[in-house]
Amino acid sequence: KEFSPQGIEHSPPSSKTLDYMHFFTQAGTLDKWKETMQFFTDKPNSEMHKFIIGCGFGSLFMDFSAVHGLGVHVYSADSGYGKTTAMLAGASIWGDPSLVMMKHDDTHASRMARTEVFKNICMYFDEMTNIDGKEASHYAYSIPNGLQRARMESNSNKERWRGLPWKTIAISTGNTKLSDRMRMEKAAPNAEMYRILEIEAVKGLKLRKEDTDILAKAINTNYGHAHIPFLQWVMRNLKETEELWTQVRLKLDKEANLSYEDRFYSAGY
């Protein structure tokens, strides 16, 4: 689909997007989706969940920034904090969350290939606990780089097509810090860690299984609606949206005393 402030038109798929068309379907209703998203509204210590869901909308605003991406890694030693559920909620903005969100056994190459196609849509990578230090380091660099790595074509002295740049936020989860994984590869992964915002899941909101089961079912039966009014509102108010984004970024820079090294945090947070 091609969106404009006035409406929506059919856009024939390309060879790159054809495989993902069935991800961006709809189920349920927008009103039911809104009702489902109220789950965390009045709950204490739910800022992390709201941030993950908010990135589903806010990732598009990375296009206003001078950097290409920010990685956000949410971790906890055990399960039950709603990390995956919050990611499913964020993914449901755009389509079927069970398809939009990538899983633990997906490869680094497949993550970057999909990021290239999705461009500005927030990426959700669940359960990255088992990646090694080298892969964690590659991941931390890859998202802000905005391009897939250069590779040669087989049997030819020619580079493969790398695709066009992306600008996005990528959310990942795990039972350990990515920085701990990186330290298995190198003693001081400082450059990588300026590109990854790590958030520990708050213990004050340990959810009951029955609550997350009900919420997950509601999310998986109501999706693919919210991006339509959101995109059209942004298009109708593009200048004002960018001005507001700039104001918020400058306020954050001042209050958090962010420097040039923190530019990825500044753009994505």
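The values are calculated or read from the model by the stated rules, or taken from the named source; none is laboratory data. This is a predicted model, so every value here is computed, not measured. Virtual Cβ from ideal backbone geometry, glycine too; neighbours counted across all protein chains shown. The accessibility values were calculated without ligands, DNA or RNA, using every heavy atom of the protein model including side chains. Shrake-Rupley method; radii C 1.70, N 1.55, O 1.52, S 1.80 Å.
Among the residues of the range 157-169, just one is at pLDDT below 90 and open to solvent by less than 50 Å² (accessible area, probe 1.4 Å), namely 163.
Kindly evaluate residue 210 against the criterion of being over 23 Å from residue 70 (Cβ atoms), free of Cβ contacts under 8 Å to residues at least 12 places away in the same chain, out of contact with any strand residue (DSSP E or B) (no Cβ under 8 Å at 6 or more places or on another chain) and not in a loop (DSSP other than H, G, I, E, B). When the stated conditions are applied, residue 210 passes them.
Taking (1) on the phi > 0 side of the Ramachandran plot; (2) open to solvent by 90 Å² or more (accessible area, probe 1.4 Å) in turn, residue 214 satisfies each apart from (1). Do the conditions hold for residue 241, that is, is it closer than 30 Å to residue 8 by Cα, of a type outside the set (Gly, Ala, Ser) and not in a helix (DSSP H, G or I)? Answer is no for this residue.
Of all the residues in the range 29-79, those that are in contact with a Pro (Cβ under 7 Å, 6 or more places away or on another chain) and open to solvent by 10 Å² or more (accessible area, probe 1.4 Å) number 2. The single condition among (1) farther than 15 Å from residue 110 by Cα; (2) more than 21 Å from the chain's Cα centre (by Cα); (3) open to solvent by 70 Å² or more (accessible area, probe 1.4 Å) that residue 188 does not satisfy is (3). Return the pairs, sorted by first residue and then second, in which the second residue is in a helix (DSSP H, G or I) and not aliphatic (A, V, I, L, M), the first residue lies in the range 30-45 and is on the phi > 0 side of the Ramachandran plot, the beta carbons are less than 7 Å apart, and the residues are 6+ apart or on different chains. Final answer for the pair search is 45/204.
The condition (being surrounded by 14 or more Cβ atoms within 10 Å (Cβ to Cβ), without any contact (Cβ under 8 Å) to a residue 40 or more places away in the chain and over 29 Å from residue 98 (Cβ atoms)) is satisfied by just one residue among 258, 250, 238: 258.
Annotation note: of 143, 121, the sole residue that is open to solvent by less than 20 Å² (accessible area, probe 1.4 Å), within 12 Å of the chain's Cα centre (by Cα) and under 20 Å from residue 90 (Cβ atoms) is 143. Counting only residues that are of a type in the set (Lys, Arg) and in a loop (DSSP other than H, G, I, E, B), which one in the range 133-156 is modelled with the lowest pLDDT? Ranking the candidates gives 151 first. crowded, with 23+ Cβ neighbours inside 10 Å, farther than 28 Å from residue 240 by Cα and out of contact with any Lys or Arg (no Cβ under 7 Å at 6 or more places or on another chain), is that true of residue 16? Taking the combined requirement at face value, the residue does not satisfy it.
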